[in-house]
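As structure tokens, the structure follows; a few thoughts come after it.
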Amino acid sequence: GVFAEFAAGLLADRKRPKQALSIFFTAYHAFVAEPANVQLSAEIVAEVARNPALAEPFSANQRQLIEALATVIAEAQQTGEIAAAIAPLPLAQLVLDVIESQAWRQAIFASPAPEETTPVRLLEQLLYRHP
């Protein structure tokens with residue numbers, strides 16, 4: 001599935017974790033911000049809220065992506081590109097939350113003027129020691 005593809009892409013270039021992260025941030029944001037994907041994710045959230053038994057397949061996909069992201073974050077922390085102040089796994093979850101919620105906000109409350117700094121660039125400025 002698409003989450004497995006994103007996870008594989010993250011883990012493909014293990015020698016350059018910062019670049020792998022930036023590529024992922026851009027690609028994942030573009031994917032989740034597509035109007036059809038915003039609508040689909042809203043429908044999934046609503047259906048899982050009504051029927052919690054459906055959560056497991058979606059949870060497994062997200063876990064796979066979070067674990068891959070955490071692995072690359074840990075590698076970037078080891079090279080000093082990301083501060084090691086936050087453990088990789090919760091930081092990976094936070095990164096996904098930021099990207100996904102920003103995509104929802106952008107779709108629901110569209111701004112007529114383009115943002116001066118893209119959400120991906122803001123994320124890089126927050127995470128990287130030397131963006």
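The values are calculated or read from the model by the stated rules, or taken from the named source; none is laboratory data. Computed from a predicted model, the values in this text were never measured in an experiment. FYI the Cβ positions are ideal-geometry reconstructions off the backbone, even for glycines, and counts take in every protein chain you see.
Looking at (1) surrounded by 13 or more Cβ atoms within 10 Å (Cβ to Cβ); (2) modelled with pLDDT under 90, which one does A92 not meet, given that it meets all the others?
Condition (2) is where A92 drops out.
Being at pLDDT 95 or above, more than 13 Å from the chain's Cα centre (by Cα) and in a helix (DSSP H, G or I) narrows it down to one residue among Q106, Q77; which is it?
Just a single option satisfies the conditions, and that option is Q77.
Considering every residue within segment 65-77, establish whether at least one is surrounded by fewer than 17 Cβ atoms within 10 Å (Cβ to Cβ) and either farther than 23 Å from R14 by Cβ or basic (K, R) (or both).
No, the conditions are met nowhere in segment 65-77.
Condition (residue is part of a helix (DSSP H, G or I) and surrounded by 17 or more Cβ atoms within 10 Å (Cβ to Cβ)) applied to segment 47-64: is it met by at least one residue?
There is no residue in segment 47-64 that is part of a helix (DSSP H, G or I) and surrounded by 17 or more Cβ atoms within 10 Å (Cβ to Cβ).
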